[in-house]
Every structure is written in structure tokens, then in C-alpha cells.
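Nothing in this text is a laboratory measurement; each read-out follows from the coordinates by a stated rule. Computed from a predicted structure; not experimentally measured. A quick note on method: Cβ atoms are made from the backbone with ideal geometry, for glycine too, and the neighbour counts reach across all protein chains shown.
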Amino acid sequence: MRVDLPKGAVKELQVQARDFPVAVLKDGTVVAEGKAIDLDALRERFRKLVRDAPEAQVIIQADAGVSHGRVVEVMEVAKVVGVQRLAIATEAQP
């Protein structure tokens, strides 16, 4: 799975073992735990995350070419089920 992250200001993200990365590929496919997943299944996975590790952070790794709307959909799913910590991964600008 290849995700070309957008460029952004440098701010080191402290990733913890309990954190949950979600990739959004250029074609809009959402990938979690190494598998393509639809938004309903992602919602259930986020519910489990909130229940089991409420301090966990969801880290969205969205391809630079993906539709902004698709990323917002993933963010909305996370917020609706109660995810408190959400981050967008970027690459440092040269």
C-alpha cells in the first residue's frame, strides 16, 4: 500500500502502540489494519477503540491526491463515535 502524504509543517507526532492508523488511498479506498474497509466497518472498529482505549489517537494517512471530502468522511466517522484524538499525517517540507 503506497500513500503519498501531503507536505506540511514539521511537528513530530508521538505515536503510541495503542494508536490507530487509517490510510486513505488516492482512489478513496480506506485501509485499516492492512485491509480495505468500508465506513460502516470503520465506525464499528472506532467504537471498539473508544471502548477499549479511549486515550488512543486515530492517525489519518491520506494520500496527497485523495479527495478532501473522503478524508472529512473518515474524520466524521471518528468524531461521531467519540474519538477524542485525531491527527493527520504529513511529510516534512524539504
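At a Förster distance of 25 Å, what's the computed FRET efficiency of Glu55 paired with Asp27, Cβ-Cβ distance as r, to 0.05?
Using R0 = 25 Å, I get an efficiency of 0.20.
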Where the Cα atoms of segment 7-92 are projected onto their three principal axes, how long is each span, largest first, in whole Å? 33, 27, 22
With label points set 7 Å from each Cα along the Cα-to-Cβ direction at Arg85 and Glu73, the distance between them in nm comes to 2.8
Within segment 7-92, percent of DSSP bridges classed antiparallel, to nearest 5: 30
